[in-house]
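What follows is calculated from the coordinates using simple rules that are stated; it is not laboratory data. Everything quoted here is computed from the prediction, not taken from an experiment. Quick reminder, even Gly has a Cβ in these numbers, built from the backbone with ideal geometry, and neighbours come from all protein chains shown.
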Amino acid sequence: MKDKSKRNLIKIGILSGIAGTLGATSSLSKALGIIPTPAEVEGPFYPVVNQQDKDFDLTKIDGRQAVADGTHIIIKGRITDISGNPVENATIDLWQANARGRYRHPRDPNPQSLDPNFQGWAIINSGKDGKFRFKTVKPGAYPASETWVRPPHIHFKISRRGHDPLITQMYFPEEKLNETDLLLRNKKTSERPLMIAKPIGQEGKIAIYQYNIVLT
Ligand SMILES: [Fe+2]
């Protein structure tokens, strides 16, 4: 056999080996019932003005005494891969509207007022076992057009070397506006529940929601 044909055979072997591994991984995830978190558009309001304080507590800004207006909540979750293994040290970049539905973005046309005590944006990491948590306010709904009101949601960009970056949006349960949202309604019935946080209890008077994320 000529060297070139041999090399081609080796190449085909390597490629089918990779395909075999991917096939096995996806059947494993199917068997485990693990579905990757659906992606969603980034939207127009990713922060464009840098800020010092991007920590896990969005209800307080460093150096200010007062806290953010609105209902304070805690979001807890865990990042895993499609085999259920924890993804540690992933970067979680999240941003949202304040309790009145207004983003701190120069091109947000919403006439609602800014909240000087609301951080609006955080960049945190998943820790041991892929876990993360942050404290924030429940975002307000806001008009996206004359006929479309976006339900409360939080935007996420998640990245970790070795995984596909994920841009998505997390919704809240039992929101009437979820049913008419043009983005959420566009998702498969099997995908929607993966994008809606679950209420899992209280810490004092603060409601806790769980939002788990699966990266590919
Ligand atoms: Fe949004």
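Values as computed for the structure displayed
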| item | result |
| --- | --- |
| Surrounding net charge for N212, when Lys and Arg each add one and Asp and Glu each subtract one, Cβ distance under 13 Å | +3 |
| Helix 3-32 vs. the chain, principal-axis angle (Cα, 0 to 90°, nearest 10) | 40 |
| Gaussian network model of the chain, springs between alpha carbon atoms under 10 Å - residue of L177, L194, L32 with greatest fluctuation | L32 |
| Fewest-first sequence of F118, F56 by Cβ atoms within 10 Å of each Cβ | F56, F118 |
| Exposure proxy ranking, count of Cβ atoms within 10 Å, fewest first, for T168, T180, T147, T136 | T147, T180, T168, T136 |
| Segment 47-186: C-alpha gyration tensor shape, a/c 1.5 cut-off, then a/b vs b/c | oblate |
| Sparse-neighbour loop sites [GluC sites (Glu not before Pro); segment 167-216; at most 10 other C-beta within 10 Å; DSSP] | E174 |
| Too-long pairs where the Cα-Cα distance tops 28 Å, listed order kept, from K30/K135; K60/K205; K157/K187 | K30/K135 |
